[in-house]
Amino acid sequence: MSGSNHMEVDPTPSSRVQDVEVATTVADAAENVTTGPQESDAPMEVDPAPDARPSSITEQVVEQTTTSTTTVIETTTVPIPTPTTAATSEILPPQSTPGPSVTNGFDPYTQQFQPQPTQQTPISGPSNSAVTPTTAFFPSVFSTPNLGSVERARMTRTGYIYDPMMMLHCQDGYTPTADDVLDNGEGHPEEPMRIKRIFGRLAEQGLIKRMRKLEFDEVTMEQVMLVHSEELWYKVQGTENLSDEHLQESKNYYDQLSLYVCRETAHCARLSCGGVIQACLSVCRGDVRNAFAIVRPPGHHAEPDEHMGFCFFNNVAVAAREVQRLGLAKKVLILDWDVHHGNGTQRAFWDDPNVLYMSLHRHDGGRFYPTSDFGALDMVGSGEGEGKSVNVPWPGPGFGDADYIYAFQRIIMPIAYEFAPDLVIISAGFDAADGDHLGGCHVTPAAYGHMTHMLSALAGGKLVVALEGGYNLRAISDSALAVAHVLLGETPAELDVIQASEAATEVIYQCAKVQSKYWKSIDVKACEPPEVTALEDGSSPIISIPDLLKIHRAHHMFTKHGLFQIPLASTELEESFGGQVICSENVYDAGPRGVLVVFVHDFGNLRVETEGVSTTNVHLENSYLLDTSDAVVQWVNGEKYNLIDVNVLKQLPTKLPREGPQMVSKSGPKLESQLIKYIWDNYIELSEAENVVLIGHGMGCHTIMELVNYREVETKVKAVVQVAGLHSLVRIDPNNEEKRAWFRKSNQIYVPATHPVLKEDRIQKRLGGQIFTTEEAKVVDVLNKVLPRIKEFVTKKLGDLPPLKKASVPVPEPVSVNGHAKDAAPADGASQEVEMSNGHADITMNGETAAEVPASAQSEAQLDRPTKTDSITGAIDPATADPAAITPASADVPSQPEPTVAAEPAPSTASVPTSPKAPVVDTAPN
């Protein structure tokens, strides 16, 4: 023996034989004891503390020690309510007449103590237990029938199942592992010393003395067939009769199933399964509050028709079916924290609505044992059992305390509370423990204690822990010790500061999305992993939706309408509105019509469809941006007006204030106010255009009214248009009568017919005939509906504009391409009339418009400029096109390749050119 603090099996060849001989001798002695009559409803007896035992009670405690194994088997006097024979599980008939039971001489009907005959209380135990019978004598008569002096039987908190006979299942030529060895190296991981090390660790820490040993029988064929097939039963039993030659011949067959067998295998499998059954029965009947079944071989891989993965009978599954059959529990929760998926248990209850199977295990994409997709997170059961299988599949090794506790908090416990089981069984494999090389995970004993503590709060504390895997002998001993401490009512050890890994949070999030379909308690949003906020170089990987919209609009307006960004000299404004203010190239010029339109708007409506009611994930294929502001820009360009386009990009409020005025104060948002004043001082006021039109759309109405209130705009501004949705408006300064009179003549407001402002008579009187309504409710729809009226109103307010200038452009010589001639110039050098607009000309041929070319195209220098094409449509930019390369729209030209031109790709957002005339000096807003 290498150490006195550990239990070890003597590695001599006769050690196992001696164990069997001792067990047989004691069992034979137990069979010679005469079993006397006993009440069928005898009370449960619990070992009281030594100093609390009545002096009149004599109890003998016998310890049987086998010198070859140094295994201590403790037995106490425990009257069995329904005695059974040693060889069978047949219940003996009661020896007393039917009627109310008399407990400790007290008759509940007469409310008096009745004399009871003195009798011995024998012990009746199973045939496999080496137990020396003990005798206890009780007083026959209570002299004073005082109810207050009667002591109630106290429930032993924790029971345990253990029998060293289960160590007989071993490989041929097995040599017990020494006590100072943590694992068996190249030996088979499922070795007999696993249960002995656990039992020894609990004994040396004094926990076994605080627990009650539960006597149990082997499982019967009828019980096994509650889960397994008859064929599997006989297949396992057949191993008892295999010869040495047959054992060797079948070795390859069992290796493929990850099994080994010997002639004691069937006996050990029956003991293991029977032990877990007894633990569940004792807990459900109230004999003990919880129990720890230290058994082997394990069982959670054994499927209904096949044994595999070190498992022969599915101990936990058979036990759950047995308590259901006896009516001791209807709903059973099985929590499997073994590092391998319990495929056998899940399959046994695949369509059962009354058994909830939950498993945390390594899956590795189906490559980790048992190497299938049956443990994937979308394996949820079928039929009535759909949603009653919950899998948390880790994608690889390395998961530890924080990951398991996080899974318990987000998935396991919420579902468990909602399920509300009558009994909880833990398939307690300790192969995810730190130090177990087969599992490769890092769960500490403290974490096992915390998980047990959380599960103890379910089912009124009815909890059974059944050993499954775990192959590092030190790790399983320490982990089992932590679990046993919690079963005995102690607080689990404190955990260090822990944080779940990114991989774990992603697994939990995906699991939550699946399980939220079946369990209301799963909060998918709470399980969503945190966003990555920084890359390795410190840069941010996050691009907000507003930033994406800015990039899109800047690129779109440049490529389609030839608008340029206006630089903002203020750092604060540039950070908030950079890329959101764009203008015509010659914004400081009066332009062909002498009109400058200032269009201030929000972006539009982003229509987003989610993937389902339980998630906020965006279904990209069915989501889109509705931007009606483009219609205004097209109208402005078509009328040859100059344009300043300001995108304030604010979210529309969905509700008006419940209290206070429906029209907010005259002051708009601070930054938007600063922005519009900056644009007025540096661009609008400096422009040569004498006719300015202000159009506010959506939240842009606030900004427009801010400009009207705080700048002297009456001279240049000819029209003010506000297009609003169901949101509040900013009104004119009520104290400036002169500006109010001008505003009444120059302003029009378009709102939905259901707008609350229409319900206030005072406001309608104040605004007079400025308000116009439409049946549309959304601000984008309102703009589309009233745009023709806006055009009419603006044209009326602008009055007679300067006539369009005429220019003549010589027609180029016909161009021959691939042998086909394009249209020739008119005879006698006739020129074509064109309409001048903003430095460009619309060429008219045979009464049809061909394309736009610069009016200065007759200049030799301009004709030599490189031609630029649109990067999206491939169309030639008329601002840089050679007139000789332009094909009139009316020309009858066969389909042919276009002439080769030097293409310049459309600039990205970062390279969108800005107006060369933009000032860099900020004007402080007033």
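The values are calculated or read from the model by the stated rules, or taken from the named source; none is laboratory data. Model, not experiment: these values are computed from the prediction. Neighbour counts are summed over all protein chains in view; Cβ atoms, including those assigned to glycine, are modelled from backbone coordinates with ideal geometry. The accessibility values were calculated without ligands, DNA or RNA, using every heavy atom of the protein model including side chains. Shrake-Rupley method; radii C 1.70, N 1.55, O 1.52, S 1.80 Å.
Available extension along the chain between residue 257 and residue 736 is 163.1 nm, counting 0.36 nm per residue and deducting the alpha carbon span. Computing FRET efficiency as 1/(1 + (r/R0)^6) for residue 250 and residue 382, where r is the C-beta to C-beta distance and R0 is 35 Å, gives about 0.50.
Report the extension gain between residue 420 and residue 221 in nm, rounded to one decimal, defined as 0.36 nm multiplied by the number of residues separating them, less their alpha carbon distance.
Length gained between residue 420 and residue 221: 68.5 nm.
How would you classify region 162-292 from its alpha-carbon gyration tensor, with a ≥ b ≥ c the square roots of the eigenvalues: rounded for a/c under 1.5, else prolate if a/b is greater than b/c, otherwise oblate? Judged from the Cα gyration tensor, region 162-292 comes out oblate (a/c at least 1.5, b/c at or above a/b). These residues, 437, 702, go from largest to smallest accessible area, 1.4 Å probe, as 437, 702. Modelled this way, with points 7 Å down the Cα-to-C-beta line, the labels at residue 373 and residue 330 are 3.6 nm from one another.
Using a 1.4 Å probe and counting only protein heavy atoms, arrange 710, 404, 588, 234 so the residue with the most accessible area comes first. Don't skip to the end; give the middle numbers.
Numbers: 710 85, 404 0, 588 30, 234 125 Å².
So, going from the largest accessible area down, we get 234, 710, 588, 404.
Phi-derived couplings, Karplus 6.51 cos²θ - 1.76 cosθ + 1.60 at θ = phi - 60°, listed residue by residue for region 471-486: 10, 8, 4, 6, 5, 6, 5, 5, 5, 4, 4, 4, 5, 4, 4, 5 Hz, with x used for Gly and Pro. A simple spin-label model places pseudo-atoms 7 Å from Cα toward Cβ; at residue 438 and residue 457 they are separated by 3.3 nm.
Here the label points at residue 517 and residue 409, each 7 Å from Cα along the C-beta direction, are separated by 2.8 nm in the simple model.
Take the cross-link list 745/791; 560/796; 196/331; 388/520 and give me the ones stretching past 25 Å between alpha-carbons. In this structure, 560/796; 196/331 exceed 25 Å between Cα atoms.
Annotation: amide H of residue 723 within the under-5 Å range of 696, 697, 698, 750, sequence separation 5 or more or interchain, hydrogens built in the peptide plane. State whether region 499-560 is rounded, prolate or oblate according to the following rule on the C-alpha gyration tensor (a ≥ b ≥ c being the square roots of its eigenvalues): a/c under 1.5 gives rounded; otherwise a/b larger than b/c gives prolate, and the remaining case gives oblate. In terms of gyration-tensor shape, oblate.
Close amide H partners of residue 213, meaning residues 5 or more places away or on another chain with modelled amide H under 5 Å apart, are 160.
Computed from backbone phi, the HN-Hα couplings of region 299-307 come to x, 6, 8, 5, 8, x, 10, 8, 9 Hz, rounded to whole numbers (Karplus: 6.51 cos²θ - 1.76 cosθ + 1.60, θ = phi - 60°; Gly and Pro given as x). When all protein chains stay in place and ligands, DNA and RNA are ignored, the 1.4 Å accessible-area order of 310, 399, largest first, is 310, 399.
For region 740-804, just say rounded, prolate or oblate: build the C-alpha gyration tensor, square-root its eigenvalues into a ≥ b ≥ c, call rounded for a/c under 1.5, and beyond that prolate if a/b exceeds b/c, oblate if not. Because a/c hits 1.5 or more and a/b fails to exceed b/c, region 740-804 counts as oblate.
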